[in-house]
Structure formats: C-alpha cells, structure tokens
Amino acid sequence: MRFRDRRDGGRHLAAALLRYPLDRPVIIALPRGGVPVAAEVAARLKAPLDVLVVRKLGLPGHPELGIGAVAEGGLRLLNEDLIARSGVTAAQFNAVGASEGAEVDRRVRRYRGGRPPMHVRERDVVVVDDGLATGFTARAAISVLRRQQPRRIVLAVPVAPSDTVEDLREVADDVVCLVTPEHFMAVGQWYTDFRQVTDEAVAELLARHADDRAASGATTAPPAVPTRHDVRIPAGTALLPGTLTVPAHPVGGVIFAHGSGSSRLSPRNRAVADALHVGGLATLLFDLLDLAEAADRANVFDIELLADRLTQATHWMHDRPETRGLRIGYFGASTGAAAALRAAARRGDQVAAVVSRGGRPDLALAHLRDVTAPTLLIVGGRDGPVIECNRRALRALGGVQQLQIVPGATHLFPEPGALELVADLARDWFVRHLAGRDAGVGRAVRDRPDHTHQR
C-alpha cells in the first residue's frame, strides 16, 4: 500500500482506529510530519488534537545519527548504544542538548499559540506520526506521556519496519501500523507526495482543532511542581533527617546513598535528584548516620550498617502515602554505592534498580552475585583505580548490569557537562526499570566496546 499524501495516510489510519476500542481518546501528534496524519485521525474519531514536541539529538559532526532525544519539559533520553560507540564527550552531548532544547521551546510556542498542553490522565492516548524508522523519538514521546498516567497509550502510524513495530510494543500498550514492508528504506518512499510540512501548517491545523479540544473535557495539565517534605526516618534509636520530593504523578522512587564525608545536602546528589524529578521520579535524600554516629569514622565505612539504614528507609518509603506502591531504586555514590548493592542483595524483592556514581561496589564484592536488580555503574574516564574496581564488580554482578564510562571525567564529575550526563544516564535507567513497560525507553541490553560493557 502506498499513500497519496499524509492526509490520505491519516484517513486510512483513522479507519483502522475506528474499529479499535478507545476510551475518551486524545490524539497526540509528533510534529511536523505527524500533524496532518493526526488531524485526519482526530476529525474522524471526534477526538481532541495536540502535539508533543520531541527533537532528535544528533551526533556532533554527523547530525543524521541520533544519540538521543529531548522532549517538552526538559526530559532527555539517550541512545546508549551509539553514545558508547561514538566516544562523544559530556560537554558535546550537553551542547547539542541545549541547542535542541531551545528549538523544542520555540516550536512549542509557535505551534500551540500560548495554549497549554492537554491533560491525558486516565484517558486513552493515540500517538500519531507519519511513519517510523528507528522509532527513538516515539519512545521518547511515550516516556513523557507515561508520567501523566494515561489509561493506555496506542502508537499509530501508516508505515514502519516490522522490527521497529515489535520493539515499540515493549513500551506502548499497543501499536497500530498499516504497512510493515519487508524492504524498508525510508518513510517517504511510501508516500507519493511527501513534501515537507511547515511550522505554519502545523500551527494552522492545531488552531483549527482548538474548539474541539476545549469541548472534549481534556483539561489542561496542572503544573508539575514536585512537593518537598522535610522528614525524619526512624532507624533503631536514631532519627535520620531527610528530604522527600514527590512529582505530581510519580512513576517510581529513588533513595540516595551518599558516600563518605557527604550528606543529604550534597550538591551533586541534589543536582541528580532534580533531573530525576523531570523524569517523574520521587526521591529521598537522607543522612545514613546521625551526628553522633557520623563522628565515629568507622561507621562511615561500615557497609552493613549503611545497608541496614537503606533497608529501613525503603520500608519507610513504602509506608508513606505519597510513595506507597512505587517501585524503589537506589542511587549510590562512593561507599554509598557499596551499601546500596549490599541492601539490594539482601532484599531483591524490594529493590528494582541500582545506579552507582563513582562508586566502590568492590566493597560489597562478596554479595554482588546476589544482586538481581538491574545495575548501572557510572565512572569517570579519568578515574583509573575506580574504573578497575567497577570492572571487577561488573563481572561479579548477577542480572542485568552495565558499566558506563563518562569520557574525560574525574571522580566527582566536576567537568562541564559531566554531572549532567550522569543525571541523564541515571534518569533513563530508573525510568526504564522502575516504571517498566509504563515508561520504559530502552532497548534490549547489548555488549559494549571498551569503555562500556553490559550483559
């Protein structure tokens, strides 16, 4: 099947979706090419139409190769396979991200004309594009939408390769695709008229559907401002101070385990926590020791004691009404990474993912085989001794694990863009493994060359 143009593709797609059971559907187009297709779908389903702006992050020097995507709200998602192979630096990645993020903001203003995005909570969402190649931007869009807790997400396109369709079934509740050609070269080959869609055409189509949107009951989304709570966590006779931060619709929770000499006020961990909030993740930063305990330096390196505190904090977080029912992960730094892995080894049923930043997982080496939670080890490329510690730990870990080395970074990641890249890697890992199908954006694990490894 070939389509005359995008409107023709939209009419055929709408006919297929009319036979599909949808509950108060909202049509979300991926601009620019997806908007004319989605406009036809919205008209025939009598559903409101909106856009979700997602931009590919191109590899420096080779912009046609996508190393990630940036979406509305500042969420960035990474193509870890290509980043690992390309050797792109953190500074280069963040320069591309800043440029494309500015373009996302421009397009949002241009397309919506000041209208806020639609609220899709507890409604069926149909994500529409004119076709898919790798599907990475569609994955990013689905991840963003999952944070709003829709009832279901259906990805609908006229044409895509069959392997891309199967991959995207991992993250969408369903995929509707009219044509899955055996020999796929490009989306445009399946359209007679595939001329570029302009910004003006996108804005005009959205404005034309604005009245339908207002009458549909798809109210605009409330501001997604995380709520912060100063808390005290009981741990034996101690009361440990902490900060619990919960986004409007959390998809998971992350407990931080700081390293020796640090605390819940660590600026590096707070920066990572802020990035996790963008991904819809609740965070708990707390002191693992009280003041009297911290005065004894032996306690700072008592991995069993620190792991006990993490386990107690996990029980506490499960009991909080704001975070009850969320899957929990650990983010550990330095010695805190060893404590996180030790706690994960003890209670694998309660820990869904672990990320280590410049960590010493070798301090829990004897227990790593019992860690079943997917584990990401992040190390600076100029942190030689710690790299070797993490490589040894990688071989000992059970389950899914990955080593990601940030090029040019030292132990604390103070280099420009380095900590931001750590935060992006951590957020993607936690969103994938804490929310699972409900927010996953990753692919099946693969081996990594030289500076990264995963099995």
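Ranking request for peptides 415-422, 283-290, 233-240, 313-320: highest mean number of other beta-carbon atoms within 10 Å first, then the rest in descending order.
Output ranking for 415-422, 283-290, 233-240, 313-320: 283-290, 415-422, 313-320, 233-240.
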### Message
Per residue of region 366-374, what does 6.51 cos²θ - 1.76 cosθ + 1.60 with θ = phi - 60° give for ³J(HN,Hα)? Whole Hz please, x for Gly and Pro, Karplus curve as stated.
### Response
5, 10, 5, 5, 8, 7, 9, 5, x
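For the chain, what is the percent of antiparallel DSSP beta bridges, rounded to the nearest 5? All intermediate terms of the calculation are to be shown ahead of the outcome.
Values: 26 of 69 bridges.
Approximately 40 percent, going by the DSSP bridge assignments.
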### Query
About its Cα centre, how strong a charge dipole does the chain have in debye, to the nearest 20, once Lys and Arg get +1 and Asp and Glu get -1 at the Cβ?
500 debye
### Task
Mind checking the full-extension length gain between His249 and Glu166? Use 0.36 nm per residue of separation minus the Cα-Cα distance, one decimal, nm.
27.1 nm
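From the Cα trace of the chain, what convex hull volume per residue do you get, rounded to a whole Å³? It would help to have the intermediate numbers written out before the result.
On the way: hull volume 61.9 nm³, N = 455.
Per residue, the Cα convex hull of the chain comes to 136 Å³.
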### Task
List the GluC sites (Glu not before Pro) within region 91-188 that fall in a DSSP loop (any state other than H, G, I, E or B) and whose Cβ has at most 10 other Cβ atoms within 10 Å.
Glu182
### Query
Using the per-residue mean of other Cβ atoms lying within 10 Å as a proxy for protection, in what order, highest first, do the peptides 4-12, 30-38, 348-356 fall?
30-38, 348-356, 4-12
### Query
So, in nm, how far is label Ala207 from label Arg324 when the simple model puts each one 7 Å beyond its Cα toward the Cβ?
4.9 nm
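For region 23-92, what is the per residue volume of the convex hull drawn over the alpha-carbon atoms, in cubic angstrom?
Values: hull volume 7.6 nm³, N = 70.
Spelled out: Cα convex hull of region 23-92, divided by residues, is 109 Å³.
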### Message
Positive end of the dipole of the chain, charges at C-beta (+1 Lys, Arg; -1 Asp, Glu), about the Cα centre: which of Ala207, Gly101, Thr180 has its Cα farthest in that direction?
### Response
Ala207
### Task
Using packing as a proxy for protection, rank 360-372, 327-339 so that the peptide with the highest average count of other Cβ atoms within 10 Å comes first.
327-339, 360-372
### Cα-based Rg / Dmax (Å) for region 227-454
15.9, 48
### Query
Which percent of Cα pairs goes in each bin when the distances of region 217-310 are cut into 5 angstrom slices starting at zero?
3, 13, 22, 21, 16, 11, 6, 4, 2, 1, 1, 0
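If you count the DSSP beta bridges with both ends in region 40-175, what percent of them are antiparallel, to the nearest 5? All intermediate terms of the calculation are to be shown ahead of the outcome.
On the way: 9 of 16 bridges.
Taking every DSSP beta bridge with both residues in region 40-175, the antiparallel ones total about 55 percent.
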### Message
Tell me the relative contact order for region 227-454 as a rounded percent, counting alpha carbon contacts under 8 Å between residues six or more apart.
### Response
17 percent
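In debye to the nearest 20, how big a dipole does region 227-454 give about its Cα centre with +1 on each Lys and Arg Cβ and -1 on each Asp and Glu Cβ?
Values: 26 positive and 23 negative charges, 95 e Å.
Rounded to the nearest 20 debye, it is 460 debye.
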### Query
Whose amide H sits under 5 Å from the amide H of Val26, counting only residues 5 or more places off or on another chain, with H placed in the peptide plane?
Asp124, Val125, Val126
### Query
Which ordering of His258, His411 is given by a fewest-first count of other beta-carbon atoms within 10 Å?
His411, His258
### Lys/Arg +1, Asp/Glu -1 at C-beta; the chain dipole; positive extreme among Met1, Leu305, Pro25
Pro25
### Task
DSSP loop (so not H, G, I, E, B), at most 15 other Cβ within 10 Å: list which trypsin sites (Lys or Arg not before Pro) in region 152-196 pass both filters.
Arg169, Arg195
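Read the figures in this text as sums done on the coordinates, not as results from a lab. Keep in mind that what you see is a predicted model, and the values were worked out from it rather than measured. Neighbour counts run over all protein chains shown; Cβ positions are idealised from the backbone, glycine included.
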